[in-house]
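Each value in this text was obtained by applying a stated rule to the coordinates, not by laboratory testing. Since the model is a prediction, treat every value here as computed from it, not as a measurement. Here the Cβ positions follow ideal geometry from the backbone for every residue, glycine too, while neighbour counts run over all protein chains shown.
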Amino acid sequence: MYTGDDFHYPELIRGDGVGWSDALLGIFDPLAPAAAAALRALDAGDAAAYARILEPTLPLARRIFAAPTRYYKTGVVFLAYLNGHLAHFRMVGGQESARSVPHFVELFVLADRAGLFQDPETAAARMRCFLALAAGIV
């Protein structure tokens, strides 16, 4: 796995059908649950399930890596925060401010559509806190 094509990863991961896969992706962190399930399906020979699992993650990946691409880590960290893996949404050098509030809202919606929240209630509560802070309510 050696490439970083975060827009066409389903094809790259699926490989050539004889065991060669060509993917190493920055997007794997927020997609980990879906990627693991998709790889299990592919390993079991169920290419249709593989595609069905990864397809809803593509809009999220494209949004995370939207220009300027160098800020993709902000989206990765934001989703880790929403999923309860971090106690806060703060980044070195204030990079949490590298993207707009509407960008984060879209990430939340797309991650939810892709079924990537381990605990949707926690994610929603954290999103409400994020939005309240952004609006200056807290």
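Looking at region 38-138, which trypsin sites (Lys or Arg not before Pro) are in a loop (DSSP not H, G, I, E or B) and have at most 14 other Cβ atoms within 10 Å? Kindly include the intermediate steps, with their values, before the conclusion.
Values: sites: 40, 52, 62, 63, 70, 73, 90, 99, 113, 126, 128; in loops: 90, 99.
Qualifying residues, ordered by number: 90.
How high is the relative contact order of region 9-134, in percent, with contacts defined as C-alpha pairs under 8 Å that are six or more residues apart? Don't jump to the answer; show the numbers that get you there.
Working: 107 pairs, mean separation 28.3, N = 126.
It comes to 22 percent, rounded to a whole number.
Rounded, prolate or oblate: which one fits region 9-134, using the alpha carbon gyration tensor with axes a ≥ b ≥ c (rounded when a/c is under 1.5, else prolate when a/b beats b/c, else oblate)?
On the way: a/c = 2.52, a/b = 1.81, b/c = 1.39.
It comes out prolate by the Cα gyration axes.
Show me, for region 30-38, the HN-Hα J-couplings you get by feeding each phi into the Karplus relation (A = 6.51, B = -1.76, C = 1.60, θ = phi - 60°), rounded to Hz, glycine and proline as x.
Along region 30-38, the couplings run x, 9, 3, x, 5, 4, 4, 5, 5 Hz.
Provide 105, 76, 92 in ascending order of the number of other Cβ atoms located within 10 Å of each residue's Cβ, fewest first. Display every interim value, and only then the final one.
Working: 105 14, 76 18, 92 8.
So the ranking, lowest neighbour count to highest, is 92, 105, 76.
Using the basic label-point model (7 angstrom from Cα toward the beta carbon), what is the residue 39 to residue 101 distance in nanometres?
3.8 nm
Rank these for me by crowding, 64, 137, going from fewest to most other beta carbons within 10 Å.
On the way: 64 28, 137 9.
With the fewest neighbours first, 64, 137 line up as 137, 64.
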